[in-house]
Amino acid sequence: MNTSAAAVGLPEQLPGIDWITDTNRIGRLSQDFAWFSPVLKRELQGKQGDIAVRPRTEDEIAGVVAACARQRIPITVRGSGTGNYGQATPLHGGVILDMSGYGEALWVRGDVGRAQAGIRLSAFDQFARAHGRELRWLPSTFRSATLGGLFGGGFGGAGSINYGPLAAPGNVLAAKVMTIEPEPRVVELRGPEAMALHHTYGTNGLVLELEVALAPSVEWTECIVAFDDFDRALDFAYRFGQAPGLVKKEVCFLGAPAPDYLTALADHLPRGCHAVLVLVAPSSEEGMRELAAGLGGTVTYHRTAEQVRQSPRTLLEFSWNHTTLHALKVDKTLTYIQSGFDPARCLEQVRALEQALAGEVMMHLEFLRTKEGAFNCSGLQLIKYSSDERLEAIMQIYRDHGVQINNPHVYIVEDGKQRAGLDPEVLAAKTRFDPQGLLNPGKLRSWTGPAAS
């Protein structure tokens, strides 16, 4: 069957749904922020869906899924397209299933909240705050990113310093999933079973709802601490992040010259400085300032939670991969890598790599807890791109120092995770929820089902 022709004929079969047929809009909905990578930008160029749809109810989603399953039309599930790995770009056309219209907050009960997958994280966080709670993690894309998108392609964000990434046990409690079949079924998954669908780019299940653990809400104060010395700035970030009595949500370390690219904050970032961006509880601000002063740091920026609410920006939007976005606005030749350090010797690794690659790689670290609970840092280093070969050589230098690379320059799930194959439960979920292999085909090398050929 000509799946392209079948896809563009779907509106006639399902006329009551919000179909998008304009080629330019389909092209935009077939992209995410993969252009952060010069490799992905080149490899994914020109690939897009045949049609897009924005359903608003579970029945509408089921109608689209059933029609696609009957005609073996590929489906690429999309949130708001804030990912960085080409996960929203279909390799084989078909339907772009835009979930952003399916975004209702359902309930908060104590320390647990539930919402539809298409809800924006900012809206879910605001809903939780009305109940005295907040999301445990906010990526820098929180204003536009969806809950389902974060689950399907994200890691964590601000708050991971306390609760680890999404993958840490106890963070994601349940997922409501729809099967990709001519007669779709809806299944509730709890605990580890739900996590088989996490960070798989929507390749092995269509998530409708998520139930997550929440944190007590805090009126966070935002500060920038500037340093003249790399090692002192790094020591401050590590010691403040690790201090058990100082309550914080975000600790972002930017080694020079990375802060110079944050032009919107230039008045608070002396040229050539090393900077640490923090979100701290008001009761812990004094302790944070004492620690910073003792290491030669100066607080150059301070905003209370109320001031942040009245402002169009928050420091979160200069951390995590928003740092990369701001840098690319200044210099489009830059790119980045993602790195995970060894908790037992992370500072030693950071200093060795800074010495080895200073001038070519700019150190950007996010301090967090691992999913096992160890205090650590994860890197989103900025790189002066010269060639694919040099980019791979830099990543190998990191590996040679014992640092894990989660490669953001590939679109195959296994390659990004640096694995030959995926966990059996991930593939079992694919077989269970997408038996025809219609979800985002081509992104799973380990899948040997009918669509793999």
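The values are calculated or read from the model by the stated rules, or taken from the named source; none is laboratory data. All values derive from a computational prediction rather than experimental measurement. Ideal geometry is used to build each Cβ from the backbone, glycine not excepted, and the neighbour counts take in all protein chains shown.
In the condition set (1) under 24 Å from ARG133 (Cα atoms); (2) touching a residue at least 60 places away in the same chain (Cβ under 8 Å); (3) surrounded by fewer than 18 Cβ atoms within 10 Å (Cβ to Cβ), GLY241 is compliant with all but (3).
Taken as a whole, the condition of being of a type outside the set (Asp, Glu) and out of contact with any Gly (no Cβ under 9 Å at 6 or more places or on another chain) does not apply to GLN338. Residues in the stretch 199-213 that are aliphatic (A, V, I, L, M) and buried (at least 22 other Cβ atoms within 10 Å of the Cβ): LEU206, VAL207, LEU210, VAL212. Applying the selection to the stretch 1-19, what residues are closer than 12 Å to VAL64 by Cβ and in contact with an Asp or Glu (Cβ under 6 Å, 6 or more places away or on another chain)? Passing the criteria: ALA7, ILE17. Pick from the stretch 264-308 the residues that are farther than 18 Å from SER140 by Cα and among the charged types (D, E, K, R): which of them is surrounded by the most Cβ atoms within 10 Å (Cβ to Cβ)? Across the stretch 264-308, the extreme among qualifying residues is GLU285.
The residue that is nearest to the chain's Cα centre (by Cα), among those in the stretch 433-450 that are closer than 14 Å to ALA69 by Cα and either among the β-branched types (Val, Ile, Thr) or surrounded by 16 or more Cβ atoms within 10 Å (Cβ to Cβ) (or both), is ASN440. Select from the stretch 83-127 the residues that are within 30 Å of THR23 (Cα to Cα), of a type in the set (Lys, Arg) and either surrounded by fewer than 17 Cβ atoms within 10 Å (Cβ to Cβ) or out of contact with any strand residue (DSSP E or B) (no Cβ under 7 Å at 6 or more places or on another chain) (or both) and list them in ascending order. The answer is none; no residue qualifies. Just one of the numbered conditions (1) buried (at least 17 other Cβ atoms within 10 Å of the Cβ); (2) touching a residue at least 60 places away in the same chain (Cβ under 8 Å) is not true of ALA194: (2).
The single residue among ALA67, ALA88 that is touching a helix residue (DSSP H, G or I) at 6+ places or on another chain (Cβ under 8 Å) and more than 18 Å from THR146 (Cβ to Cβ) turns out to be ALA67.
Screening the stretch 16-101 for strands (runs of 3 or more DSSP E) wholly inside it with 3 or more residues that are among the basic types (Lys, Arg) and touching a residue at least 40 places away in the same chain (Cβ under 8 Å) returns no ranges. Scanning the stretch 1-15 for residues that are assigned to a loop (DSSP other than H, G, I, E, B) and modelled with pLDDT under 95 yields MET1, ASN2. Restricting attention to the stretch 417-453, and to residues there that are among the acidic types (Asp, Glu) and in a loop (DSSP other than H, G, I, E, B), which single residue is nearest to LEU206 (Cα to Cα)? Among those that are among the acidic types (Asp, Glu) and in a loop (DSSP other than H, G, I, E, B), it is ASP434. Please tell me if LEU438 is more than 18 Å from GLY83 (Cα to Cα) and in contact with a Lys or Arg (Cβ under 8 Å, 6 or more places away or on another chain). The answer is yes for LEU438. For ASN376, the requirement of being more than 24 Å from GLY86 (Cα to Cα), surrounded by 20 or more Cβ atoms within 10 Å (Cβ to Cβ) and of a type in the set (S, T, N, Q) is met. Listed by first and then second residue, the pairs with beta-carbon distance under 8 Å, at least 6 apart or on different chains, first residue in the stretch 111-126 and closer than 14 Å to THR82 by Cα, second in a strand (DSSP E or B) and modelled with pLDDT of 95 or more, are GLY118/THR146; ILE119/ALA105; ILE119/THR146; ARG120/THR146; LEU121/LEU135; LEU121/LEU138; LEU121/THR146. The number of residues in the stretch 220-247 being in contact with a Ser or Thr (Cβ under 7 Å, 6 or more places away or on another chain) and not aliphatic (A, V, I, L, M) comes to 2. Would you check which residues across the stretch 216-238 are of a type in the set (Asp, Glu), within 19 Å of LEU138 (Cβ to Cβ) and crowded, with 16+ Cβ neighbours inside 10 Å and list them? Selection gives GLU222 alone. Counting only helices (runs of 4 or more DSSP H) that sit wholly inside the stretch 334-416, those with at least 2 residues that are over 17 Å from the mean Cα position of the chain (by Cα) and farther than 26 Å from THR203 by Cα are 346-357, 388-400. Inside the stretch 312-332, residues that are touching a strand residue (DSSP E or B) at 6+ places or on another chain (Cβ under 7 Å) and over 17 Å from GLY154 (Cβ atoms) make up a count of 5.
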